[in-house]
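Take a look at the structure set out below.
Just so you know, all these numbers are worked out from the coordinates, no wet-lab data involved. These figures come from a predicted structure and were not determined experimentally. Because the Cβ atoms are built from the backbone with ideal geometry, glycine has one as well, and the counts that use them run over all protein chains shown.
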Amino acid sequence: MQGYILSITGVAMVQIAPQLNLSPLQQGLVVGSALVGGLPGAYFGGFLADKFGRQTLYSLVLGLTIVCHCVVLGYELGGVDHRALAHRSGCRS
């Protein structure tokens with residue numbers, strides 16, 4: 001998985017760097033951060049998988065990923081209109 005992340009980051013960096021005016025040092029820091037974060041992530045992720053089980057850990061990570069994406073998407077769209085969500089789900093306030 002780490003190789004995939006590094007290769008995708010490199011491919012994306014070709015398009016992102018000119019748009020964000022990133023220097024070569026900044027590009028290296030962005031790509032290198034994946035390596036720096038991957039080492040403790042693999043260590044603690046393996047420890048937690050041994051303790052709680054892989055399926056439990058995968059389910060937890062999937063749930064957290066979905067929640068984080070929904071929160072970011074809500075902020076990106078200028079907030080979520082809860083009345084519209086209630087109306088679509090059939091709830092009445």
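Taking only Cα atoms of segment 1-52, what ratio of Rg to Rh do you get with Rh as the Kirkwood inverse-distance radius? Ratio of gyration radius to Kirkwood radius: 1.14.
Converting phi to 3J(HN,Hα) with the Karplus coefficients 6.51, -1.76 and 1.60 and the offset θ = phi - 60°, segment 9-23 yields 4, x, 5, 5, 4, 4, 8, 7, 4, x, 5, 9, 6, 7, 6 Hz in sequence order, with x at every glycine or proline. On the beta carbon distance between R54 and S7, with R0 = 35 Å, the FRET formula returns roughly 0.90.
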